[in-house]
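S.K.: Below you'll find the structure I mean.
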Amino acid sequence: MSNNNPISQNRKSYRFAFRSSLFISSIAAILILLYEILFHPELPLVFCIVFPFLLFIISFLVIQYRAQQYIYKSIQKIYDEISILESTSLIEQPVTTDMRTLKNQVEKFARKKKIEIETLKVRENYRKEFLGNISHELKTPLFTIQGYIDTLLDGAHKDKVIRKKYLQRAQKGVERLTYIINDMDMITRLEVGDMSLDKKEFDIVALIKQVFDQFEMKAGKKNITLALDMNYDSPIMVRADQERIQQVIANLIVNSIKYGRNNGTTEIAIEDLVNNKVIIRVTDNGEGIDKEFVPRLFERFFRVDRTGSRKEGGSGLGLAIVKHIIDAHRESIYVDSELGIGSEFSFTLEKASSRLEDIEVVEE
């Protein structure tokens, strides 16, 4: 039965034994030549040639055997120690006594492990920051609810007016907790790929108008106008998960209202792109975002304004969810913002006509 275990394979190297034997036989030849010149000029020429040659062969065999046994056992211990690790590319290679091959294998292994260690450090920092953010986000509504309930238990429940007001405020805290937990559940499912997309054709114009109606009252509190950039007389059909894209547009509009100026405008434009794509642009004339914060906008719980945005509510996960939904569609999202002037968030979608299987084939 053949042994397929790569560790049992032995890749040999003869370089060390050859060079060592050549060195020894060369010294022997020189010594014999000096001995012949100084003491025995009549020494046979055949002896001067054959003896170094035989010495070379014997030295080569002995050195190769001893070096191979010593080096192989030493390297085998290294492979055995490394094999304790869960998975490495080094232990998948055959054991070699070739120092050059071993050096290349170890360097490759070290580079891979260095990358893995750096990745683990980044993930650990991300985990710590994420846990800190969760604690901070959940702590505020929990303490608020606890404060109102404690006040009611201390006797405030006897006053009907105070009781109703405090219960309503506690209810808002519960709603905020529910909102945060639902968003966390969604983004976790998106990240692990546990949420499948239900792609179908729909009119993106009609969907945008539907979202406008949904947030008309919220925008009205700041006298912000929600509008399309032009009249779209004909439907613009796209192919995507309608519910998720509605959530994307809703989150972008909510952000534009949250950071928008009073008497401002949030405008959405739809433009054709090459390769049967459309791009949806959500533009506002609000506060804008400093350039240094733009790369972090889609991080979990990241807020440009740590205090003001929290007063407006929300989970701090809206843009992170938007990014994951667009990525799940294999589309792109872009941000263009200037502090004090406004922001534009844009994302691409596939036009319904871009799929060959959707084109009717008429048989003659």
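The values are calculated or read from the model by the stated rules, or taken from the named source; none is laboratory data. The model shown is predicted, which means the values in this text are computed figures rather than measured ones. Here the Cβ is made from the backbone with ideal geometry for all residues, glycine too, and neighbour counts use every protein chain on show. Side chains are part of the model used for accessible areas, which takes the heavy atoms of the whole protein and leaves out ligands, DNA and RNA. Shrake-Rupley method; radii C 1.70, N 1.55, O 1.52, S 1.80 Å.
S.K.: Report the FRET efficiency, 1/(1 + (r/R0)^6), for Asp185 and Tyr14, where r is their Cβ-Cβ distance and R0 is 56 Å, rounded to 0.05.
M.R.: About 0.35, to the nearest 0.05.
S.K.: Let me ask you something else. What accessible area, in Å² to the nearest ten, does a 1.4 Å probe give for Asp150?
M.R.: 70
S.K.: R0 = 22 Å: FRET efficiency of Leu22 with Arg66, Cβ-based, nearest 0.05?
M.R.: Given R0 = 22 Å and the Cβ-Cβ separation, E is 0.85.
S.K.: List the residues of region 332-353 whose backbone N lies under 20 Å from a point placed 7 Å from the Cα of Asn262 along the Cα-to-Cβ direction.
M.R.: 340-342
S.K.: Right, something else. Computing the accessible area with a 1.4 Å probe over protein heavy atoms, can you report the carbon and sulfur percentage for region 186-225?
M.R.: Using a 1.4 Å probe with all protein chains present, region 186-225 comes out at 45 percent carbon and sulfur.
S.K.: As a test of reading the structure, rank Lys222, Lys160 by solvent-accessible area (1.4 Å probe, protein chains only), most first.
M.R.: Lys160, Lys222
S.K.: With r as the distance between the Cβ atoms of Ser135 and Ala110 and R0 = 35 Å, compute the FRET efficiency 1/(1 + (r/R0)^6) and round to 0.05.
M.R.: On the way: r = 37 Å, r/R0 = 1.07.
After rounding to 0.05, the efficiency reads 0.40.
S.K.: Subtracting the Cα-Cα distance from 0.36 nm times the residue separation, let me have the gained length for Lys199 to Asp327 in nm, one decimal.
M.R.: Contour length minus Cα-Cα distance gives 44.7 nm.
S.K.: Here's a follow-up. Quantify, in whole percent, the carbon and sulfur part of the accessible surface of region 233-276 (1.4 Å probe; protein heavy atoms only).
M.R.: The computed percentage sits at 39.
S.K.: Let me ask something else about it. Give the ranking of Ser196, Ser332, Ser135 by solvent-accessible surface, highest area first, calculated with a 1.4 Å probe.
M.R.: Ser196, Ser135, Ser332
S.K.: Compare Phe202, Phe298 by solvent-accessible area with a 1.4 Å probe and give them largest first, with all protein chains kept in place.
M.R.: Values: Phe202 10, Phe298 45 Å².
Final ranking, largest accessible area leading: Phe298, Phe202.
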